[in-house]
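Each remark here refers to the structure printed beneath this line.
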Amino acid sequence: MPRLGPTENASVDSTVTDLDDLPFHARFTAVLPGDPEPSNQRRQVHGAAWSPVPPTPVAGPTTIAWSPEVADLLGLDHQLCRSDDFAQVFAGNRLPRGAEPFAACYGGHQFGNWAGQLGDGRAIALGEVTDRFGNPQTLQLKGAGPTPYSRGADGRAVLRSSIREFLCSEAMHHLGIPTTRALSLVLTGDAVVRDMLYDGHPRPEPGAVVCRVAPSFTRFGNFQLPAARGDLDLLRTLVEFTISSDFPHLLGTTSATVDGPGTPSADGQLPVGAWFREVCERTATMVLGWMRVGFVHGVLNTDNMSILGLTIDYGPYGWLESFDPGWTPNTTDAANRRYRYGHQPQIVHWNLLQLANALVRLTDDPAAFEAGLDHFVETYQHGFRSMMAERLGWGAPRDDDEALVSNLFEILVSTETDQVLFFRDLARVPVDAHAAIPDDALLAPLADAWYRPEELVGDVRAAVVAWLRAWAARVVDGGLGDDERRRRMDAVNPRFVLRNYLAQEAIDLAERGDGSRVIELLDVLRRPYDEQPGREQFSTRRPEWARQRVGCSMLSCSS
Ligand code: AMP
Ligand code: MG
């Protein structure tokens with residue numbers, strides 16, 4: 001599968017020192033039909049993929065943080081990122097030359113129910129630019145003011161959710177998991193009123209704008225809406241645009257097409273089946289990444305699913321600290337826990353099914369979509385086995401690993417266990433071919449992973465020790481040398497993730513005017529797989545105060 005990102009083209013060595021020199025190059029708005037009406041009055045938009053809408057200016061933009069890697073990707077001079085003009089542009093107060101701002105029109109299934117038109121209700125794209133590798137990147141301001149799609153809401157975003165989106169986008173990227181990126185986090189100087197827990201306590205909070213960056217922000221819901229409305233012309237145009245601009249390598253393959261199965265695209269037909277299969281594969285790769293690092297998206301509605309298989313729309317997400325497949329941070333989903341950690345692969349599969357239901361309208365070949373969905377399941381299952389074998393230092397997976405892996409999940413819930421620390425420190429548990437290591441020595445490297453060490457007695461302790469001995473025997477069978485094994489385990493089991501309470505501490509400080517922790521965390525999360533001496537405080541298990549604190553273990557969709 002071709003990789004996304006700066007791998008295909010040679011880098012261009014031009015540095016942008018003035019935002020008016022950003023190389024805008026519209027594709028989405030140039031090719032796809034737009035809404036003729038320029039106002040941001042709330043409305044249903046038919047027959048168009050986007051609406052022209054400028055950001056609404058804010059009172060006093062100041063930059064809290066920016067990502068040096070994303071600046072480099074865009075060829076932005078770092079001095080420019082410190083300028084007032086940078087804050088003005090990425091808060092939406094000044095349009096750089098060439099920008100043609102727009103909001104995209106899409107629908108989606110929310111919590112399993114078809115919700116009709118949603119659209120970018122507070123995200124406004126400035127346009128598409130060419131990055132320094134020659135690849136397209138859309139610059140999108142989240143929280144930039146009302147659009148035709150804002151429905152009853154204000155088009156704004158609060159500082160707390162903006163910090164969470166900014167940090168997590170970059171953390172995810174550095175963990176090696178496909179994601180939209182974040183260039184900047186700018187305070188607007190305006191207050192935004194939110195009822196944080198939807199419990200009748202609205203209060204003003206500081207507002208902010210994040211500039212998100214991705215090759216495309218197209219969602220499953222972009223295809224679902226025209227399909228649901230029976231607008232097959234728009235659906236076909238969108239599919240054609242997406243394949244030719246984001247999946248050009250597929251033009252020339254043979255597979256199901258919009259006009260019938262098995263026809264080569266040389267005669268002008270679109271390889272919809274091959275494309276859907278690739279979307280399934282990329283989506284499987286993304287969710288495997290989440291399951292590996294313990295990320296819970298929180299709102300896996302189909303409008304929050306990227307057609308490129310990128311993690312998108314960081315809302316009430318959370319990081320699994322204690323291993324618990326049933327956990328979700330999203331209080332809005334507390335009753336059914338539809339989007340809980342352990343359910344994410346099934347939910348993402350269901351979302352792909354909804355996408356298939358939209359796309360199948362264009363072809364008479366449902367078999368290609370069934371094959372794509374099967375490909376998702378196979379890719380996920382195969383990937384999961386390989387991933388677990390890699391995380392556990394076994395090298396190549398074996399068919400009989402399943403029992404040991406499910407046994408591991410049992411011991412991880414037998415007493416509250418921090419899954420990040422457990423996997424990371426497992427690499428430090430001694431292994432020998434003769435099983436002669438005393439129990440205490442086996443357990444010692446994992447001591448920090450248990451929230452209640454006093455529970456590690458009796459049957460619980462015996463089961464953990466028995467598992468560790470079986471694990472060690474499998475390690476010996478796997479044949480990786482100690483150094484090689486530790487290196488490989490450390491490359492897939494991060495030391496640093498954006499623990500919920502770490503984000504909240506950074507938010508608390510930033511709300512009091514001190515953005516330094518945001519910048520420090522961004523720096524820590526840049527190297528999640530490295531030991532970082534002196535930064536141990538960012539890799540300890542969740543403190544007791546954070547267990548039930550709003551923002552740490554409980555988040556709503558209010559943002
Ligand atoms: P989300 O749950 O954040 O994915 O949002 C679902 C839909 O509601 C999307 O179409 C958003 O653009 C829209 N939305 C969320 N918050 C706001 C807001 N404050 N103002 C306008 N639209 C919003
Ligand atoms: Mg969304």
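The values are calculated or read from the model by the stated rules, or taken from the named source; none is laboratory data. This structure is a prediction, so every number in the text was calculated from the model and none was measured. Cβ atoms come from the backbone with ideal geometry, glycine included; neighbour counts cover every protein chain shown. The area values use the complete protein model at the heavy-atom level, side chains included, leaving out ligands, DNA and RNA. Shrake-Rupley method; radii C 1.70, N 1.55, O 1.52, S 1.80 Å.
Obtain the nm distance between the two label points defined at residue 466 and residue 42 by a simple spin-label model: each point lies 7 Å from its Cα along the Cα-to-C-beta direction.
5.9
Take every Cα pair under 8 Å in the chain that's 6+ residues apart, average their separations, divide by the length, and report that relative contact order as a whole percent.
13
Quick query: amide H of residue 45 versus all other amide H atoms, modeled in the peptide plane; which residues come in under 5 Å with a sequence gap of 5 or more or a different chain?
Placed amide hydrogens put nothing under 5 Å from residue 45.
Using the Karplus curve 6.51 cos²θ - 1.76 cosθ + 1.60 with θ = phi - 60°, what ³J(HN,Hα) values do you get for each residue of the range 413-424, in whole Hz, with x for Gly and Pro?
Once θ is set to phi - 60°, the couplings for the range 413-424 become 9, 5, 8, 4, 10, 6, 6, 5, 5, 4, 5, 4 Hz.
Among bridges DSSP assigns within the chain, what percent are antiparallel (round to 5)?
Among the beta bridges of the chain, antiparallel pairing accounts for roughly 90 percent.
Leaving out ligands, DNA and RNA, and with a 1.4 Å probe, what % of the accessible surface on the range 126-225 is carbon or sulfur?
Carbon and sulfur together cover 59 percent of it.
Determine the shape class of the range 273-418: with a ≥ b ≥ c the square roots of the Cα gyration tensor eigenvalues, call it rounded for a/c under 1.5, and otherwise prolate if a/b is greater than b/c, oblate otherwise.
Note, shape of the range 273-418 comes out oblate.
Over the range 259-374, with every protein chain in place, what whole percent of the accessible area is carbon and sulfur at 1.4 Å, could you tell me?
That fraction is 49 percent.
Can you give me the long-range amide H partners of residue 392? Hydrogens built in the peptide plane at 1.01 Å from N, cutoff under 5 Å, separation of 5 or more residues or another chain.
Residues meeting the criterion, in which the H sits 1.01 Å from N, do not exist here.
Compute the separation of the alpha-carbon centres of the range 107-145 and the range 424-482 and state it in Å as a whole number.
46
Would you mind putting 520-531, 198-209, 397-408, 499-510 in packing order, based on average other-beta-carbon counts within 10 Å, highest first?
In decreasing order of mean packing, 520-531, 198-209, 397-408, 499-510 become 499-510, 520-531, 198-209, 397-408.
Over the range 231-389, calculate the relative contact order: mean separation of alpha carbon pairs under 8 Å at least 6 apart, over the residue count, as a percent.
25
Scan around residue 553 for amide H atoms under 5 Å from its own, H built in the peptide plane at 1.01 Å from N, and keep only partners 5 or more places away or cross-chain.
none
If you average the sequence gap of Cα pairs under 8 Å that are 6 or more apart and divide by the length of the range 19-222, what percent do you get for the contact order?
24
I'd like to know which of 478, 462, 443 lies farthest towards the positive end of the charge dipole of the range 394-479, counting +1 on Cβ of Lys and Arg and -1 on Cβ of Asp and Glu.
So the residue we want is 478.
Over the chain, give the accessible area per residue in Å² for a 1.4 Å probe, as an integer.
In whole numbers, the chain has 37 Å² accessible per residue.
Enumerate the calculated ³J(HN,Hα) couplings along the range 389-404 in order (Karplus 6.51 cos²θ - 1.76 cosθ + 1.60, θ = phi - 60°), each rounded to whole Hz, writing x wherever the residue is Gly or Pro.
So the Karplus estimates, Gly and Pro as x, are 4, 6, 4, 9, x, 9, x, 5, x, 10, 4, 8, 6, 4, 5, 5 Hz.
As a test of the formula, what do you get for the chain when each DSSP H run with n ≥ 4 contributes -39,500 (n - 2.57) and the sum is divided by the residue count, at 222 nm and rounded to the nearest 500 deg cm²/dmol?
-11500 deg cm²/dmol
Helix 500-511 versus the longest principal axis of the chain: what angle, 0 to 90°, nearest 10, using Cα atoms?
Compared with the principal axis, the helix lies near 50 degrees.
Got a sec to turn the phi values of the range 115-132 into Karplus ³J(HN,Hα) couplings, 6.51 cos²θ - 1.76 cosθ + 1.60 with θ = phi - 60°, whole Hz, x for Gly and Pro?
Once rounded to whole Hz, the list reads 10, x, 6, 10, x, 6, x, 8, 10, 10, 7, 6, x, 9, 10, 9, 7, 6.
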